[in-house]
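**Q** I am attaching a structure below and will ask some questions about it afterwards.
Each value in this text was obtained by applying a stated rule to the coordinates, not by laboratory testing. These figures come from a predicted structure and were not determined experimentally. Here the Cβ positions follow ideal geometry from the backbone for every residue, glycine too, while neighbour counts run over all protein chains shown.
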Amino acid sequence: MPPPDPLPGTAYGFLSTYKPVLPPRAPEVFVEAGHSSRADAGGQLSNPPRPNTPRVLGIAIPSPLRRLFDYRPCREAPPGGWQPGLRVRVPFGRRQLVGVVVECRDGSELPLADLKPVDTCLDGTPLPADWLWLCRFTARYYQHALGDTLHQAMPVLLRQGRPLEARTRERWQPTPAGLETDPPGLARAPRQAELLAMLRQHPHGLGTQAILAQSFTREQLRALADKGLIGRREEPLTAPWKAGEPLLAEPPLPLNSEQATALAALHERLDAYHPCLLEGVTGSGKTEVYLQLIEAVVGRGRQALVLVPEIGLTPQTLARFRSRFRVPVVALHSGLTDNERLDAWEAAASGRAPIVIGTRSAIFTPLARPGAIIVDEEHDGSFKQQDGLRYHARDLAVARAHHHGIPVVLGSATPSLESLARAHSGDWRHLRLTRRASRHAPARLELVDLRGRRRQGGLIPPVIEAIRETLTAGHQVLVFINRRGFAPTLACHACGWLAECDHCDARMTLHRQPPLLACHHCDRRRALPDVCPSCGSGDLRPLGSGTERTEETLAALFPEVPVYRIDRDSTRRRDAFERVLTEVRRGEPCLLVGTQMLAKGHHLPHVTLVVVVNADAGLYASDFRALEQSAQLLVQVAGRAGRAAHPGRVLVQTLHGDDPHLRRLAEQGYAALADQLLEERRAAGLPPFRFLALLRLESPREEAVNALGGQAADALRSWLGERGLAVDCLGPVPAPMERRQNRYHLQLMLASSRRSMLHEAGAGLVAWLEATPEARRVRWSLDIDPQTLA
Ligand code: ADP
Ligand code: ZN
Ligand code: ZN
């Protein structure tokens, strides 16, 4: 079967094609250092567009189709003329959709008379140009439909057509007449006089709510206004910060010499693209460096965007930023209402919010005056979106900083191998903080051999003894076990039966609270069997330990101290986690049992012993990133120990105490292990030395995925040969878990040491899939720079 010509530029069907054209010079991950452009930095198009009246608008519609759709402009042109970035409402089939104008042209592949007109233009001015640039870049880089990318990257209310406007609130303040001594007309109105007196204390005015909260009434406000003594104005919810006003609410900490060196390096180049890896152990004061960098950036009238991992955007993190700065700190997280999200977006886009902090999707926040981007815990997996638009917010942060010509700081105690390779090669500046601000060195990992030892709730006697000693000394203990539930599965001791999911190639996890078997891959649940479904024996026993079982064991061993379990099951209620943390910060001796929810970000000053129940699960997973990721997690868990006044200990239970990687990590630390892993990746031709793209195929019908996988691989291989592209096509092979939710998963891997060739091949493959009828019956996705092969 000859593949249809998959070269970008071929038109499929009758409508104009969105062409997945490669960027002329790829961004960071894709660009050489040094060069920077300031185009679009003002949030405006670099060439102010002339009001124009194109005959055709190429519009991106929220749809998986990788092309634009052509429409005629509606009769009423927007005030500034038609331009890219304007939202329009358009008829699409029998529906009405909100799309975004991407191209203004005079021609179409269709006769102009056949084009439908746009219904209405929803914007007076286009959505911010820096945002549009980033969306176009993202769509191109990740080979994703532009319409869907734009849709994903805007707040829900904008998707629905709401105008991008600041919501305002009323503020009241005295008029010049009201400021005179003894203003007239108040002799018999003592409450009005009191209200006026209060307002005179607030030269910038007071909001209506604040006034009513002082038990004044709207009538009193109106009466004063009618007398001409006070005036009303509308102000955006996020009050603008005026340059020259004091910036800080509390003084910065005096920096230690390493911090000072790092900050000086950042100060050197505030006006250019300047990618920096800030590698510093937990507690070494990276956040303090960010805060002082932000101070410099905002002091110059620019904005700072801070990205943190999902789990890191805690009330404490926010409080730390908000207590330092007097200026508004806008936070974008999952707890916002749609209105609040739009407000935050607007405040950032208009420049009123000098500091924006958020999780992964906050990378798409427009900024009127971008000044720096900071990515904290840059190695964290939550920066990569794992479905739909599979972008990596860290990589986009670097691309965006390059585009704006501003610094980007990637901070981590355990940098990703990708970032380390960039820093080692000199493309990025490598800044290091090796000392903790408090007097204790980070705790070392002590390997504890599990072989031949009796375990209780997963713990062996010497470890239980160490826990006892710590509690007796009045300290807290964190027990880390990356498996929720009671036990990884249920087994029959008579016949060897194991509880398996009918829908996945996976075991079901045994839960006790409430008692059931649950598949953690498809969420299928089953009642606990009384007898073995296979042989009828009653000898069913839990196999291995999860958080519930360890919690139960510890509660029995240490009845005198509270045991808090932290995992997704125990913290379904939003405030449950925060309540436990508040309790734990009081410092009474206690035991914390938890999954990685506990490992990241949280400051637990009274924990002096950390126990890792089983280091092996992650180390021996098949994924090529497994070692890197489990080392990062181990170091991060270890970082919880001994942050305050007491030194910490970290006991790591393992069946493979002589594993060379684990030993290197324990004896020489993360950086030494990372060096070794980089060498291994180089030898194996894996990222960051080669680039990958993963095609995933899935269907309930095994034959359908297999057939399409084979066809796609053949078509791609012959096409790569014809074009002489140095791209390897590996597979198709079944996914590590072939059957999941009763669907079959197959993969095809593309690998190349030339990023541009990989992209060309990816674009070709996508075009082939879009034009191949069999591919419509199989769900497929292309993952550029996949973080996991699962
Ligand atoms: P990191 O972000 O690297 O984990 P933080 O910035 O949170 O480190 O610093 C850890 C602790 O050390 C915090 O309590 C912080 O207030 C304190 N700290 C950081 N820098 C200094 C400094 N220069 N002098 C004194 N204390 C500091
Ligand atoms: Zn049995
Ligand atoms: Zn399942």
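**Q** May I ask for the percentage of alpha-carbon pairs in region 49-160 that lie more than 16 Å from each other?
**A** The proportion of pairs with Cα distances above 16 Å equals 55 percent.
**Q** For the chain, list the cysteines whose Cβ sits under 4.7 Å from no other cysteine Cβ?
**A** C74, C104, C121, C135, C276, C522, C590, C729 - these cysteines have no disulfide-compatible partner (Cβ-Cβ under 4.7 Å) in the chain.
**Q** Mark the label point 7 Å from the Cα of D271 along Cα→Cβ and return the residues of region 367-385 whose backbone N is within less than 18 Å of it.
**A** 369-373
**Q** Give the longest segment of the chain that steers clear of GluC sites (Glu not before Pro) in DSSP loops with at most 14 neighbouring Cβ atoms within 10 Å, not counting the sites themselves.
**A** 181-559
**Q** OK, next. With r as the distance between the Cβ atoms of E703 and E578 and R0 = 56 Å, compute the FRET efficiency 1/(1 + (r/R0)^6) and round to 0.05.
**A** Once the sixth-power term is evaluated, E becomes 0.65.
**Q** Roughly how many whole Å is it from the C-alpha centroid of region 196-232 to that of region 601-641?
**A** 56
**Q** Ok, one more. Using the Cα centre of region 168-236 as the reference point, and only Cβ charges (+1 on K/R, -1 on D/E), how large is the resulting charge dipole? Debye, rounded to the nearest 20.
**A** 120
**Q** Okay, next question. Considering lysine pairs in the chain that are 8 or more places apart or on different chains, how many have Cα atoms under 26 Å apart?
**A** Total qualifying Lys-Lys pairs in the chain comes to 5.
**Q** Could you tell me which trypsin sites (Lys or Arg not before Pro) in region 252-304 are loop residues by DSSP with no more than 13 other beta carbons within 10 angstrom of their beta carbon?
**A** Those that pass, being in a loop and sparsely packed, are R300.
**Q** I would also like to ask the following. Can you compute the equivalent ellipsoid semi-axes for region 678-790, i.e. the square root of 5 times each eigenvalue of the Cα gyration tensor, sorted largest first and rounded to whole Å?
**A** 23, 18, 10
**Q** Expressed as a fraction of 2.2 N^0.38 Å, the rule-of-thumb size for a compact globular protein of N residues, what is the C-alpha radius of gyration of region 516-587?
**A** Values: Rg = 16.5 Å, N = 72, 2.2 N^0.38 = 11.2 Å.
Compared with the compact-globule rule of thumb, region 516-587 sits at 1.48.
**Q** Continuing with the same structure: How big is the Cα convex hull of the chain in projection, averaged over all directions, in nm²?
**A** On the way: hull surface 163.4 nm².
Computed as one quarter of the Cα hull surface, the answer is 40.8 nm².
**Q** I would also like to ask the following. Using only DSSP helix segments of four residues or longer, with each worth -39500 (n - 2.57), what per-residue ellipticity at 222 nm results for the chain after dividing by its residue count and rounding to 500? Please report the intermediate quantities before stating the final value.
**A** Details: 23 runs with 241 residues, N = 790.
Counting only the DSSP helices, I get -9000 deg cm²/dmol.
**Q** Would you mind giving the average projected area, over all directions, of the Cα convex hull of region 78-218 in nm² with one decimal?
**A** Averaged projected hull area, Cα only: 14.6 nm².
**Q** Hey, another quick one. Subtract the Cα-Cα distance of R512 and R444 from 0.36 nm times their separation in residues, and report this length gain in nm to one decimal.
**A** Net length gain for the segment: 21.0 nm.
**Q** Kirkwood hydrodynamic radius for region 168-236: how many Å is it when counted over pairs of different Cα atoms?
**A** Kirkwood radius, region 168-236: 11.8 Å.
**Q** Summarise the long-distance tail of P(r) for region 419-524 by giving the % of C-alpha pairs beyond 20 Å.
**A** 67
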